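All remarks here apply to the structure that follows.
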Amino acid sequence: MLDVSNIYEQSWKYAYHGIIPDTWLAGIPSGRWANGLKQPGRLSLVLFDDGKMCGTASYCHARMESMKDYGEIVSIYLLPEVMHKGYGHQLMKAVISELKNMGYSKAYLWVLEDNENARQFYERFGFVRSDKTQTDTYDGKELKELMYTVCF
């Protein structure tokens, strides 16, 4: 799990630079996500490039009771050096396929409002912004998360 957590850590530091305060990103402890990846019901995919683990995606049954008919895409993260090579596209297609195999015809995910790259990525897969939002705080900076949904 530490290798997968490392992908999260490196991806966060790269993708959220300029969005989440640098002080918070710099303080991410090694292994921060390792225990969360072991949560019951959470499923993960891992992507390898030339024998090296370089990407991961996590999904599950909806964690929100109000979305119980949806699958949830919890995360898609890549090492910075393999971004923009089509691996995110491969992971998203694989996650959607897995959610379909679980019997879902629709899914949701959360994305930071300020993360334009991720929002555009999800929109290319047909995800649309819903009216649901939530707020997270990082070193005193409040950031809005938007829920995106898709039917497949």
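The values are calculated or read from the model by the stated rules, or taken from the named source; none is laboratory data. This is a predicted model, so every value here is computed, not measured. Every residue, glycine as well, gets a Cβ built from its backbone with ideal geometry; the counts of neighbours run over all protein chains shown. What goes into the accessible areas is simple: the full protein's heavy atoms, side chains included, and nothing from ligands, DNA or RNA. Shrake-Rupley method; radii C 1.70, N 1.55, O 1.52, S 1.80 Å.
Things worth noting here:
- Pro40 being farther than 25 Å from His89 by Cβ, modelled with pLDDT of 95 or more and either open to solvent by 70 Å² or more (accessible area, probe 1.4 Å) or touching a Lys or Arg at 6+ places or on another chain (Cβ under 6 Å) (or both): no
- Qualifying residues in region 58-80 (those that are open to solvent by 70 Å² or more (accessible area, probe 1.4 Å) and in contact (Cβ under 8 Å) with a residue 12 or more places away in the chain) - the one nearest to the chain's Cα centre (by Cα): His61
- Qualifying residue in region 6-18 (condition: more than 25 Å from Glu142 (Cβ to Cβ) and hydrophobic (A, V, I, L, M, F, W, C)): yes
- Note on region 63-94: residues that are farther than 11 Å from Leu45 by Cα, small (Gly, Ala, Ser) and in contact with a strand residue (DSSP E or B) (Cβ under 8 Å, 6 or more places away or on another chain) amount to 2.
- Residue match in region 99-111 (condition: under 19 Å from Tyr14 (Cα atoms), over 16 Å from the mean Cα position of the chain (by Cα) and not basic (Lys, Arg)): no
- Qualifying residue in region 104-118 (condition: farther than 22 Å from Ile19 by Cα, touching a strand residue (DSSP E or B) at 6+ places or on another chain (Cβ under 8 Å) and among the hydrophobic types (A, V, I, L, M, F, W, C)): yes
- Residues of region 121-151 satisfying the condition of being open to solvent by less than 70 Å² (accessible area, probe 1.4 Å), in contact (Cβ under 8 Å) with a residue 24 or more places away in the chain and hydrophobic (A, V, I, L, M, F, W, C): Phe121, Phe125, Leu143, Leu146, Met147, Val150
- Residue match in region 21-30 (condition: touching a residue at least 12 places away in the same chain (Cβ under 8 Å), within 16 Å of the chain's Cα centre (by Cα) and not in a strand (DSSP E or B)): no
- Extreme residue, surrounded by the fewest Cβ atoms within 10 Å (Cβ to Cβ), among residues of region 81-91 that are in a helix (DSSP H, G or I) and touching a residue at least 40 places away in the same chain (Cβ under 8 Å): Gln90
- Note on region 92-117: residues that are under 30 Å from Thr137 (Cα atoms) and either open to solvent by 30 Å² or more (accessible area, probe 1.4 Å) or assigned to a strand (DSSP E or B) (or both) amount to 11.
- A residue that is open to solvent by 70 Å² or more (accessible area, probe 1.4 Å) and touching a Ser or Thr at 6+ places or on another chain (Cβ under 7 Å) occurs somewhere in region 15-32.
- Selection from region 94-111 of residues that are within 14 Å of Tyr77 (Cα to Cα) and out of contact with any Gly (no Cβ under 9 Å at 6 or more places or on another chain): Ala94, Leu109, Trp110, Val111
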